[in-house]
């Protein structure tokens, strides 16, 4: 056999002896075949990718898992070996993203982005995301969140990708506003998510406490009345019973008033959310910035009256902060409409077609997009009703009936792309921050190399229900599968080492050590 294989006999003997040592289980013979070896590599690397990187499972638990499925005879599964494989994967991920970005160009160079910071003990991460696609442009560890730090991280990255920013949405941090206005040369839009969060901290929590206190007060009053009514007739004090009945009626009135105040607050908060749309929710007609400003002012006055009635103070001036954001919240609509009309003018579209696109087709696409995007049942119902009204208006329009199917499909695809650029919150970035927080606490920390790998996995390895990734939505093209590319570049699996057998110490044997002094 050695002569046929052109190998030394000692080498062949060592291989055969190692193979015999590996055959400890019924499935071991399969791992020796070509198909079995390839499947074993896929199993190990897929486990490291899915659980070691994406789910932040430690190398110790992964090693125990591989031990349970009995592949330790063919693969090195020690914690150090697995950590080396994970580090190699992290480097390959960064190279993969660089290659993909160098070979692709975004069809729409002006992007709508959101920016925010997240904090983990002594680590701070700056996050900048493209909202229409969900692609993370910047996700880096920084020492501070000043304007200069943000500019140094964002500007070179956008220049490398050949992108510009149209509106930038963020909380009202001064550094982020300055970054948008001075460095990115775009408008800084207020974030509806943070604005409503501030209103909730001011009103929602105190109203909930008042309601809880009123419910307990009502329950105690009802208990006292029931106890009094269970007493015998000759022992009952009817004047006390009447007093307790009045007491219960007053408690029920207070509780009902608290519930009504909570319901009123939720209605005003919902009205604020429903007002910031390019189309009116009830009529689906074009809505401008002035109409939104008027609605926001009315809702602010109503919230102030509600707080006054409920006797809730505003020591941190949350309502004043919200009032100062009216302009920055309403300008989302005006900026978006300006961009839409600019695009239509660049396409040399006649006025009749422009009016049809903006008043007939686009409301249908917009409300359909909102209905599928929201998870709140009441909002989904409202958006669905608005979509039905818009569809009826679209179908009844004479210009719609005069167009061919190809023309309609062209403008439908155009509207589906443009409506994704109307963004009013940075909640996607907040979701990403929450995901990073979970990974940080699962792994008890994050390294910069692991953070870069997680960014690539988010951009190229997370999928929506339609099978698209953030990268495919940004660039409008498909990329090679992230895991398959990784699998093709990973080297062979590490071989197991023969571990030394640890000897148990015998307490009856005492080995003397020579004296240092001699």
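Key figures
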quantity	calculated
Residue satisfying condition, being out of contact with any helix residue (DSSP H, G or I) (no Cβ under 7 Å at 6 or more places or on another chain), surrounded by fewer than 16 Cβ atoms within 10 Å (Cβ to Cβ) and farther than 30 Å from residue 111 by Cβ, within set 350, 301, 346, 355	301
Check on residue 495, under 22 Å from residue 61 (Cα atoms), modelled with pLDDT under 85 and assigned to a loop (DSSP other than H, G, I, E, B)	yes
For residue 446: the one exception among (1) assigned by TED's automatic domain parsing to the domain that holds residue 135; (2) out of contact with any helix residue (DSSP H, G or I) (no Cβ under 6 Å at 6 or more places or on another chain); (3) under 26 Å from residue 193 (Cβ atoms)	(2)
Hey, residue 155 closer than 17 Å to residue 331 by Cβ and either assigned to a helix (DSSP H, G or I) or in contact with a helix residue (DSSP H, G or I) (Cβ under 8 Å, 6 or more places away or on another chain) (or both) or not	no
Positions within the stretch 158-168 being surrounded by fewer than 17 Cβ atoms within 10 Å (Cβ to Cβ) and assigned to a loop (DSSP other than H, G, I, E, B), in sequence order	162
Qualifying residue in the stretch 288-298 (condition: crowded, with 20+ Cβ neighbours inside 10 Å and either free of Cβ contacts under 8 Å to residues at least 60 places away in the same chain or not in a helix (DSSP H, G or I) (or both))	yes
Residue satisfying all of: in the stretch 400-426; surrounded by 17 or more Cβ atoms within 10 Å (Cβ to Cβ) and part of a helix (DSSP H, G or I); nearest to the chain's Cα centre (by Cα) among these	419
Qualifying helices (runs of 4 or more DSSP H) (wholly inside the stretch 169-277; at least 1 residues being farther than 30 Å from residue 145 by Cα and either more than 28 Å from the chain's Cα centre (by Cα) or free of Cβ contacts under 8 Å to residues at least 24 places away in the same chain (or both))	205-229, 238-275
Residue within the stretch 42-55 that is over 30 Å from the mean Cα position of the chain (by Cα) and not assigned by TED's automatic domain parsing to the domain that holds residue 451 present	no
Residues located in the stretch 364-393, provided they are farther than 26 Å from residue 424 by Cα and surrounded by 13 or more Cβ atoms within 10 Å (Cβ to Cβ)	393
Residues satisfying the stated conditions in the stretch 115-151, i.e. touching a residue at least 60 places away in the same chain (Cβ under 8 Å) and farther than 18 Å from residue 471 by Cβ	115, 116, 118, 120, 123, 125, 140, 141
Test: residue in the stretch 40-49 that is free of Cβ contacts under 8 Å to residues at least 24 places away in the same chain and either on the phi < 0 side of the Ramachandran plot or touching a helix residue (DSSP H, G or I) at 6+ places or on another chain (Cβ under 6 Å) (or both)	yes
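Quick grid of which residues meet (1) within 32 Å of the chain's Cα centre (by Cα); (2) within 19 Å of residue 274 (Cβ to Cβ); (3) outside any helix (DSSP H, G or I):
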position: 330; (1), (2), (3): yes, yes, no
position: 343; (1), (2), (3): yes, no, no
position: 349; (1), (2), (3): no, no, yes
position: 370; (1), (2), (3): yes, yes, no
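The values are calculated or read from the model by the stated rules, or taken from the named source; none is laboratory data. Since the structure is predicted, the reported quantities are computational estimates derived from the model, not experimental observations. Every residue, glycine among them, receives a Cβ derived from its backbone with ideal geometry; neighbour counts consider all protein chains shown.
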